[in-house]
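A.B. asks: Below is one structure. I have some questions about it.
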Amino acid sequence: MADAAHVIAPSGGCNGCANNATTLQCPTCLKLSIKDSYFCSQDCFKRNWNEHKALHKSTEDASKTTGALHNPFPDFQYTGSVRPVYPLSARRTVPKSIRQPDYADTGVPTSERMLNRAKVDILDKTAQQAMRKVCRLSREVLDIVAAEVKPGVTTDYLDQVCHKACLERNSYPSPLNYRNFPKSLCTSPNEIVCHGIPDQRVLLDGDILNLDVSIYHEGYHADLNETYYVGAKAKADPDNIRLIETTRECLDAAISIVKPGTPIREFGEVIEKMANERGCSVVPTWGGHGINTNFHPPPWIPHYAKNKAVGVCKAGMAFTIEPILALGKSKEMYWPDKWTNATVDGKRTAQFEHTLLVTDYGVEVLTARNEQSPGGPIPMPIAATTR
Ligand SMILES: [Zn+2]
Ligand SMILES: [Zn+2]
């Protein structure tokens, strides 16, 4: 419950009783620009809270129906400068002719929940071909969305582009309604660690933006993400470059050791060592995962050193590696939307992800970039590469 703020003199009576009002005004009303919500005392304000707060809700609902852009959580203590900009666009639809995962209608990934977390699938030749296909399509989708990244566009527009590109490929956008996620793409700018919800926020020159694309095609999922520089200002910031290029190289270094027999726990050793050498920290909460007919089957793949992951790579396994590095603290927290994950210190993070297939002798990067892919590495600032 909110506490009343002391402000300017009231113009009339108390909102809660027949007394004259004092200078106590409801702080939520102030933020919502609701006028004259004065109370005679803190006690009276508290007594009337249940009825009074309905006024906040109706005011907020009205701004939603009129489509006015607003911050849906005005009381939340944001850690950085990014804010949600609502209303979210209406839920996008997928024609029934496109094969859908089990959670598409319910939000509950039932088959994934029933899995034995200790058993890792080995894909046969047919399944491997299906994974190659869905991953090639997912790369096309990411590249189409990434080509639209520039200052002035909203993340909701990028979601629309992603959704359309999925449907054109006879594919379902895997994030849509996965555990009730509302959109077809994850967009995570600046201090947003992952799982940002596309909304009406406009990209700014100087932002960095992660696009996490996952698609479901003919019964198989693919998953990949990259972090992009938004505008020339973003590429002029040495910290952005150090963060993004280090993360990209950490993923590449981890991929370079994938082959039958490599312990799953080794990836975190390689990633954290390189991250720390470049003054970045590894966000430990989020890991890579198996991927096949389910979106997130075992194994779980930590990106930090000295982890206790069991098991080794075997030919026929498909999984992602997707390290998230931070410029500051590696600790993160949720926004009230229960999805958006932000760093506690508001400093920036970057992430890169590929879907991989372990082969008899090494690895196939199923979601690899091609020559036309937007983005790609830029030179590291001199100071960061010399040591
Ligand atoms: Zn992903
Ligand atoms: Zn993933």
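The values are calculated or read from the model by the stated rules, or taken from the named source; none is laboratory data. Note that this is a predicted model, so its numbers are computed, not measured. Neighbour counts are summed over all protein chains in view; Cβ atoms, including those assigned to glycine, are modelled from backbone coordinates with ideal geometry.
A.B. asks: Looking only at the range 194-227, count every residue that is within 16 Å of ligand 2 (Cβ to nearest atom), of a type in the set (G, A, S) and in contact with a helix residue (DSSP H, G or I) (Cβ under 6 Å, 6 or more places away or on another chain) and tell me the total.
C.D. replies: So the answer is 1.
A.B. asks: If the requirement is being modelled with pLDDT under 95, crowded, with 16+ Cβ neighbours inside 10 Å and of a type in the set (S, T, N, Q), which of these qualifies: S37, S33?
C.D. replies: Answer to the check: S37.
A.B. asks: Quick one: which residue in A326, A350 is within 16 Å of ligand 2 (Cβ to nearest atom), small (G, A, S) and either modelled with pLDDT of 95 or more or farther than 27 Å from Q129 by Cβ (or both)?
C.D. replies: None of the others qualify; the one that does is A350.
A.B. asks: May I pose another question? Looking at (1) surrounded by 14 or more Cβ atoms within 10 Å (Cβ to Cβ); (2) modelled with pLDDT under 90; (3) within 28 Å of L185 (Cβ to Cβ), which one does P87 not meet, given that it meets all the others?
C.D. replies: For P87, the failing item is (2).
A.B. asks: Where the second residue is assigned to a helix (DSSP H, G or I) and the first is under 12 Å from Q372 (Cα atoms) and lies in the range 136-148, which pairs have Cβ atoms under 6 Å and are six or more apart or on separate chains?
C.D. replies: Matching pairs, first to second residue: I144/A165.
A.B. asks: Condition first: under 20 Å from the mean Cα position of the chain (by Cα) and either away from ligand 1 (no atom under 16 Å from the Cβ) or of a type outside the set (V, I, T) (or both). Can you find one or more residues in the range 259-277 that meet it?
C.D. replies: The answer is no; no qualifying residue exists.
A.B. asks: Right, here's the next one. Going by what's in this entry, would T246 be described as of a type in the set (S, T, Y), surrounded by 17 or more Cβ atoms within 10 Å (Cβ to Cβ) and within 14 Å of ligand 2 (Cβ to nearest atom)?
C.D. replies: In short, no.
A.B. asks: Considering only the range 329-361, state which residues are in a loop (DSSP other than H, G, I, E, B) and buried (at least 17 other Cβ atoms within 10 Å of the Cβ).
C.D. replies: S330, W335, D337, W339, T340, K347, R348, F352
A.B. asks: Between residues in the range 161-173 that are more than 12 Å from H217 (Cα to Cα) and residues that are among the hydroxyl-bearing types (S, T, Y), which pairs lie under 7 Å by C-beta distance while being six or more apart or on different chains?
C.D. replies: C162/S184; H163/S184
A.B. asks: For the range 261-303, which residues satisfy the criterion of being over 27 Å from W339 (Cα atoms) and in contact with a Cys (Cβ under 6 Å, 6 or more places away or on another chain)?
C.D. replies: T262, M274 - these are the residues of the range 261-303 that are over 27 Å from W339 (Cα atoms) and in contact with a Cys (Cβ under 6 Å, 6 or more places away or on another chain).
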